[in-house]
Amino acid sequence: METFDPAELPELLRIYYRRLFPYAQYYRWLNYGGVVKNYFQHREFSFTLKDDIYIRYQSFNNQSELEKEMQKMNPYKIDIGAVYSHRPNQHNTVKLGAFQAQEKELVFDIDMTDYDDVRRCCSSADICSKCWTLMTMAILIIDRALKEDFGFKHRLWVYSGRRGVHCWVCDESVRKLSSAVRSGIVEYLSLVKGGQDVKKKVHLSEKIHPFVRKSINIIKKYFEEYALVSQNILENKESWDKILALVPETMHDELQQSFQKHQNSLQRWEYLKKAANRYQNNSKNDKCGPWLEWEIMLQYCFPRLDINVSKGINHLLKSPFSVHPKTGRISVPIDLQKVDQFDPFTVPTISSICHELDAVSTNEEEKENGAESGIKHRTRDYKRTSLAPFIKVFEQFLENLDRSRKGELLKKSDLQKDF
């Protein structure tokens with residue numbers, strides 16, 4: 001893959017916004033079938049330009065206006081905000097207090113830096129294939145809950161371009177939710193609580209909620225390979241002391257002694273499970289199930305959500321198909337059928353797709369009919385690059401949105417006939 005050079009970014013963005021950005025699909029998403037008048041026109045976009053120049057409250061009349069502005073500005077980053085009561089680009093002309101955020105997708109932001117206390121391979125902005133499993137588990141756990149526990153149908157998962165993932169829940173009813181309801185949903189999905197000073201961040205109650213059980217079942221599929229082998233969480237005294245801090249003190253001496261006798265994390269974990277089981281049976285404890293073992297698994301593997309991103313309706317979040325200015329990687333949609341296969345290191349960079357365009361032979365260019373429209377030309381352009389399969393995932397998501405919307409309209413018209 002082409003190595004990305006940030007110095008080339010201005011020129012690469014120029015090509016990307018002219019020939020590769022999927023404007024038609026992007027507009028189709030945020031216009032939501034044009035069912036609500038001015039829905040797209042009242043949407044806030046913000047652009048971050050070169051040298052961190054930040055412009056909020058951008059809004060556009062249509063796809064063509066959005067295209068022209070993006071091609072003129074060549075933003076380093078695009079964020080999407082709420083749908084407001086008035087056009088965001090006219091917010092200064094609106095009476096004080098009247099300009100209000102009214103609707104937005106329910107969004108989730110999961111960032112690898114929030115796991116720094118439990119990953120041993122990398123820290124801060126760095127990621128590797130070992131710790132990416134945390135994101136795989138996060139997507140599977142949160143997506144299952146959104147789909148099965150809440151009944152949300154339209155969930156778009158997107159790679160952030162560097163060290164995390166975002167989720168956009170786009171159902172019509174969800175976009176109307178109040179901040180309080182959004183907070184409630186995030187609260188339901190949060191089990192790891194407490195800042196850096198808090199050692200034990202997961203406390204299970206006596207009755208284990210089905211959400212916890214189902215999350216544990218997902219973690220179990222990855223725990224041995226991820227935590228015990230690749231992260232080696234019980235490798236030495238320094239690492240196992242962190243885990244001992246999560247179990248009752250009366251178990252510490254026994255575990256310290258036995259851990260020194262065992263060869264590796266797998267053996268130590270097996271011993272810990274047996275010791276926890278014995279402790280459980282001996283103590284006058286009402287908690288059911290292997291809760292000690294589960295609390296450790298959850299603390300090391302359970303998703304960590306940024307609550308503020310999800311609860312605020314006017315909170316901005318990085319747009320799909322934005323380019324990460326440090327890595328050059330595109331924020332691409334993730335295929336939910338292939339979450340396990342998703343590899344952030346094979347995600348196309350802006351350099352790679354622009355060079356793929358260059359590689360199209362001039363011969364082929366000459367053969368083409370010069371009279372074809374720019375839009376057709378651009379459609380062909382992205383299809384010639386490794387961005388194509390990711391746009392296909394996005395289109396599949398849009399198809400489902402369209403189908404659902406048509407179903408709702410049919411239902412309404414049938415109800416009106418039944419008078």
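The values are calculated or read from the model by the stated rules, or taken from the named source; none is laboratory data. Worth saying up front: this structure is predicted, and the values here are computed from it rather than measured. Here the Cβ is made from the backbone with ideal geometry for all residues, glycine too, and neighbour counts use every protein chain on show. Quick note on the areas: whole protein, heavy atoms, side chains included, nothing else; ligands and nucleic acids left out. Shrake-Rupley method; radii C 1.70, N 1.55, O 1.52, S 1.80 Å.
The residue that is modelled with the highest pLDDT, counting only those in region 272-308 that are part of a loop (DSSP other than H, G, I, E, B) and among the small types (Gly, Ala, Ser), is Ser283. Selection within region 12-48: residues that are part of a loop (DSSP other than H, G, I, E, B) and within 16 Å of Ser64 (Cβ to Cβ). The member of this set that is most open to solvent (accessible area, probe 1.4 Å) is Gln41. Out of Lys311, Lys326, one residue alone is open to solvent by 60 Å² or more (accessible area, probe 1.4 Å), at pLDDT below 95 and farther than 21 Å from Lys392 by Cα. It is Lys326.
Each residue in region 1-35 was checked for being among the β-branched types (Val, Ile, Thr) and without any contact (Cβ under 8 Å) to a residue 40 or more places away in the chain, and 0 pass. What tally of residues in region 151-178 results from selecting those that are part of a loop (DSSP other than H, G, I, E, B), over 23 Å from Asn31 (Cα atoms) and touching a helix residue (DSSP H, G or I) at 6+ places or on another chain (Cβ under 7 Å)? Matching residues across region 151-178 total 1. The number of residues in region 166-185 being in contact with an Asp or Glu (Cβ under 8 Å, 6 or more places away or on another chain) and either surrounded by 19 or more Cβ atoms within 10 Å (Cβ to Cβ) or farther than 24 Å from Tyr84 by Cα (or both) comes to 7.
Summed over region 119-140, residues that are under 17 Å from Ile219 (Cβ atoms) and polar (S, T, N, Q) total 2.
Only a single item in (1) modelled with pLDDT of 95 or more; (2) farther than 23 Å from Arg155 by Cα is not met by Ser413, and it is number (1).
Of all the numbered requirements in (1) outside any strand (DSSP E or B); (2) at negative phi, Asp51 misses one, and that requirement is (2).
The combined condition, being open to solvent by less than 40 Å² (accessible area, probe 1.4 Å), basic (Lys, Arg), within 30 Å of Asp126 (Cα to Cα) and touching a helix residue (DSSP H, G or I) at 6+ places or on another chain (Cβ under 9 Å), is not fulfilled by Lys237. Among the residues of region 59-66, are any open to solvent by 10 Å² or more (accessible area, probe 1.4 Å), of a type in the set (A, V, I, L, M) and over 20 Å from the mean Cα position of the chain (by Cα)? Looking for residues that are open to solvent by 10 Å² or more (accessible area, probe 1.4 Å), of a type in the set (A, V, I, L, M) and over 20 Å from the mean Cα position of the chain (by Cα), one finds none in region 59-66, hence no. Here Leu317 meets each of (1) of a type outside the set (Val, Ile, Thr); (2) crowded, with 17+ Cβ neighbours inside 10 Å; (3) over 15 Å from the mean Cα position of the chain (by Cα) with one exception, condition (3).
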